[in-house]
Structure formats: C-alpha cells, structure tokens
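The values are calculated or read from the model by the stated rules, or taken from the named source; none is laboratory data. Just so we're clear, the structure is a prediction, and the values are computed from it rather than from any experiment. With ideal geometry, Cβ positions are generated from the backbone for all residues, glycine too; neighbour counts draw on all protein chains shown.
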Amino acid sequence: MNSSLTNPEFREENTSVPDVSRLSRWLHDNVEGFRPPLSVAQIAGGQSNPTFRLTAGSGDYILRRRPIGNVLPSAHAVEREFRVLSALAQTDVPVPQVYGLCTNDGVIGSTFFVMAFVPGRIFWDARLPELTSKERAAIFDSMNEVVAKIHSLDPDSVGLNDFGRKGAYLERQIARWSKQHRASETTPNPAMDRLIGWLETHSPPEGDTRLVHGDYRLDNLIIHPTEPRVAAVLDWELSTLGDPIADFAYHAMNWRIAPELFRGLAGIHYAALGIPDEETYLLTYLARTGRTRPKHWEFYIVLSLFRIAAILQGIAKRSSDGTASNADAAEVGAKAVPISNLAWQLAQTVDQ
C-alpha cells in the first residue's frame with residue numbers, strides 16, 4: 001500500500017459495494033444538487049466503517065456506512081460521526097461538509113451518511129519519507145494546532161453538550177475497552193488481563209471535559225494536496241465528551257511505538273527528519289491549549305496503548321468472523337498482542 005495518496009486508491013468489491021440504483025434514488029431525494037449517473041468504488045485502507053467514493057454528474061462524494069453483519073455494541077457509530085461533523089462545520093476545525101444521514105437499512109443494508117469529497121493526501125507512514133524536513137515539520141505543527149483547536153472548543157457552544165457523559169471519562173474508557181477486548185478475544189492475552197487491573201487502580205484525577213476525537217492520528221487526516229497542512233479531520237466514530245489529555249496521549253503514543261511494529265515514531269532521528277520529539281510536541285500542545293504538564297502522563301500513554309490493542313483485537317475478531325472491511329485485517333489485528341505487551345512493560349516502570 002502506498003504511504004502517500006494524492007488520489008485515494010480504490011478497489012472494487014462486488015460483495016460490499018452498495019446497490020447503485022437504490023443509493024442513487026436516495027441521493028436524489030436527500031442531497032441537494034445531486035445529479036446522476038452514479039458510480040461507486042470502495043476506498044482501500046480502512047479497518048472500521050467501510051468508506052466509498054461516489055462519482056456522480058454533480059461531482060464526487062464520500063459515503064461512510066456501518067459494516068453489515070454482527071459488530072460489537074456501540075462500535076461503528078456513523079450517526080455520531082454525522083452529528084459531530086455537522087456541529088464542527090461552524091468552527092475552525094477542518095472537517096468535510098456533510099450532506100445527509102440514512103438510518104434505513106433498506107437502502108444499502110446499513111446506516112450511512114454522505115459527505116463532501118476533500119481532495120488531498122493520506123499518509124500511512126508517520127515518518128513521511130516522501131517529504132522534505134521542512135514539510136514534515138509543518139505537517140506535525142499543523143496536526144498539533146488542529147488537535148489543540150478541537151480540545152479548546154466549548155462543547156456547549158456548538159450544540160454538543162449532550163454528546164457524551166461528563167465526568168468519569170477514564171473510568172468509562174477502561175471499562176469500555178476492557179469489555180471490547182473480552183468480547184473480541186480470539187486468543188489468550190495475559191498482558192491485557194494484567195493491564196485491566198493495573199489501569200483500574202492507577203487512574204488519576206481528571207481535568208476538564210472537552211470534545212475528544214478518540215482516534216486522532218496522521219492516517220485519519222487529509223493533508224492538503226500541495227501544502228503541508230491538515231485539510232480535513234476524518235473518522236469521528238469514537239468521538240465523545242471526555243478528558244482532552246487522554247485524547248492527546250492517544251495521538252502522542254505514536255512516539256512509543258516502533259515504525260516496524262505499527263506506524264510509529266519510536267527510535268527515529270527526530271532532528272534529522274524535522275519531526276519533533278514527544279516532549280517538544282507535548283509542550284507545544286500545552287502552550288496552545290493553556291494547560292500544564294500532566295503529572296500522570298505515563299498513565300495516559302499506557303491507557304492509549306491498551307486502547308489501540310483492544311481496537312486491533314476487534315479487527316482480528318472481525319477478520320476471523322469474515323466481517324472485516326479490509327483484506328489485511330488479520331495482519332493488522334495480530335499487532336494487538338505485541339502492543340499490549342509494550343503497554344504492560346511501560347506500566348511496570350510506572351510502578352517503580
């Protein structure tokens with residue numbers, strides 16, 4: 001798979017591409033300005049909600065739908081994605097425009113929404129090998145600026161005051177991902193079992209409540225086609241109200257994961273590449289948001305590694321069940337065990 005996509009790669013999957021005629025009728029009735037003819041192609045690379053590029057007489061669109069078949073409770077919440085994207089349209093957080101939400105499974109087999117196609121690049125390798133040192137520095141600064149904007153928003157001011165429960169976010173995250181891990185476990189994983197107990201007894205006091213993305217990372221961002229800046233933030237299915245430091249730590253855990261393990265940055269030559277080290281990146285974010293350095297930063301990193309391990313285990317489960325939306329799901333899901341081991345190793349150093 002290419003690490004930089006000026007135009008997204010597509011693959012045709014006859015078993016998963018929506019019925020064009022029914023979808024075209026829905027678009028005609030619900031998306032202002034839509035004109036046929038319509039063609040549909042699945043976008044390669046996603047492991048969660050299947051995503052499609054719609055090419056019509058009126059232009060290009062993107063469709064995100066809930067996977068068909070049995071999925072874990074509360075996962076793949078495309079309705080929440082649609083709501084948060086609608087709310088953020090009135091802010092300076094860069095997001096695609098949304099056009100319509102369909103909760104009638106009779107149209108294409110599952111709930112979906114349609115949004116604008118945003119031209120740009122998606123990078124899968126966080127080291128950005130195709131770019132210059134100056135471009136890398138600018139993209140990392142733009143990523144930092146955008147996540148700071150998200151965490152600086154007042155949820156009440158954009159109509160998201162009831163988008164999630166306020167308070168006990170860390171407790172709920174530990175409970176949620178513990179439940180998700182157990183529901184999707186395909187092989188014994190002692191590290192995850194130990195982490196569940198460790199997290200429950202080491203949770204620090206929480207700070208303020210803000211909108212959190214839940215999965216903010218480079219490959220969930222569209223980078224402008226020619227400029228080194230974020231053009232749109234994608235994949236909001238895990239967004240809610242919660243602890244912004246936990247959300248930022250999930251983004252920053254990249255600095256703890258080796259590139260060969262899972263798209264990480266650990267061990268690279270930061271200065272030579274123009275990429276800030278973890279401490280510099282954290283301090284930049286704190287300056288932008290007016291927050292002080294968290295006393296329990298390592299806990300947040302352990303929680304983040306635990307979360308990604310649980311998510312990857314969910315991908316492994318979907319692969320074994322035959323409901324995964326990507327052909328490499330088994331390979332990706334297999335990363336759950338080494339990442340959980342990494343989290344447990346870090347947790348043991350925090351105890352010392």
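Here is a list: 86, 74. Which entry is surrounded by 16 or more Cβ atoms within 10 Å (Cβ to Cβ) and either modelled with pLDDT under 95 or small (Gly, Ala, Ser) (or both)?
Checking each option against the conditions leaves just 86.
Evaluate segment 14-29: report whether one residue or more is modelled with pLDDT under 65, hydroxyl-bearing (Ser, Thr, Tyr) and over 30 Å from residue 226 (Cα atoms).
Applying the first criterion (modelled with pLDDT under 65) to segment 14-29 yields 14-15.
After this cut, where a residue has to be hydroxyl-bearing (Ser, Thr, Tyr) as well, the list is 15.
This time we only want the ones that are over 30 Å from residue 226 (Cα atoms), so: 15.
Yes; the residues of segment 14-29 include at least one that is modelled with pLDDT under 65, hydroxyl-bearing (Ser, Thr, Tyr) and over 30 Å from residue 226 (Cα atoms).
When you go through (1) in contact (Cβ under 8 Å) with a residue 24 or more places away in the chain; (2) of a type outside the set (A, V, I, L, M); (3) surrounded by fewer than 19 Cβ atoms within 10 Å (Cβ to Cβ) one by one for residue 140, which number turns out not to apply?
Here residue 140 clears every test but (3).
Residue 42 - would you say it is of a type in the set (S, T, N, Q), in contact with a Phe, Trp or Tyr (Cβ under 9 Å, 6 or more places away or on another chain) and modelled with pLDDT under 95?
yes
From the list 79, 32, pick out the single residue that is more than 27 Å from residue 122 (Cα to Cα), at pLDDT 65 or above and touching a Phe, Trp or Tyr at 6+ places or on another chain (Cβ under 9 Å).
None of the others qualify; the one that does is 32.
Any residue at all in segment 307-320 that's closer than 20 Å to residue 167 by Cα, in contact with a helix residue (DSSP H, G or I) (Cβ under 7 Å, 6 or more places away or on another chain) and assigned to a helix (DSSP H, G or I)?
Within segment 307-320, one or more residues are closer than 20 Å to residue 167 by Cα, in contact with a helix residue (DSSP H, G or I) (Cβ under 7 Å, 6 or more places away or on another chain) and assigned to a helix (DSSP H, G or I).
Can you pull out the residues in segment 122-152 that are touching a helix residue (DSSP H, G or I) at 6+ places or on another chain (Cβ under 8 Å) and in a loop (DSSP other than H, G, I, E, B)?
124, 125, 126, 127, 128, 131
With the condition kept exactly as written, say whether any residue in segment 286-309 is free of Cβ contacts under 8 Å to residues at least 12 places away in the same chain and β-branched (Val, Ile, Thr).
Taking every residue of segment 286-309 in turn, at least one turns out to be free of Cβ contacts under 8 Å to residues at least 12 places away in the same chain and β-branched (Val, Ile, Thr).
Any idea how many residues of segment 189-213 are buried (at least 21 other Cβ atoms within 10 Å of the Cβ) and not hydrophobic (A, V, I, L, M, F, W, C)?
1
Of a type in the set (Asp, Glu), within 19 Å of the chain's Cα centre (by Cα) and assigned by TED's automatic domain parsing to the domain that holds residue 265, is that true of residue 145?
Yes.
Each row is one residue, and each column tells you yes or no for (1) out of contact with any Asp or Glu (no Cβ under 8 Å at 6 or more places or on another chain); (2) more than 30 Å from residue 117 (Cβ to Cβ).
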position	(1), (2)
161	yes, yes
167	no, yes
170	no, yes
175	yes, yes
180	yes, yes
227	yes, no
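Restricting attention to segment 241-272, report how many residues are buried (at least 24 other Cβ atoms within 10 Å of the Cβ) and either β-branched (Val, Ile, Thr) or in the same structural domain as residue 82 (by TED's automatic domain parsing) (or both).
1
Here's the yes/no breakdown for (1) within 26 Å of residue 314 (Cα to Cα); (2) of a type in the set (Phe, Trp, Tyr); (3) at pLDDT 95 or above; (4) under 17 Å from the mean Cα position of the chain (by Cα):
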{"site": "95", "(1), (2), (3), (4)": "no, no, yes, yes"}
{"site": "141", "(1), (2), (3), (4)": "no, no, yes, no"}
{"site": "152", "(1), (2), (3), (4)": "no, no, yes, no"}
{"site": "191", "(1), (2), (3), (4)": "yes, no, yes, no"}
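State all residues of segment 322-335 that are farther than 19 Å from residue 193 by Cα, in a helix (DSSP H, G or I) and either modelled with pLDDT of 75 or more or outside the structural domain of residue 195 (by TED's automatic domain parsing) (or both); if no residue qualifies, say none.
331, 332
Does any residue of segment 112-120 turn out to be touching a Lys or Arg at 6+ places or on another chain (Cβ under 8 Å) and either surrounded by fewer than 20 Cβ atoms within 10 Å (Cβ to Cβ) or under 15 Å from residue 244 (Cβ atoms) (or both)?
yes
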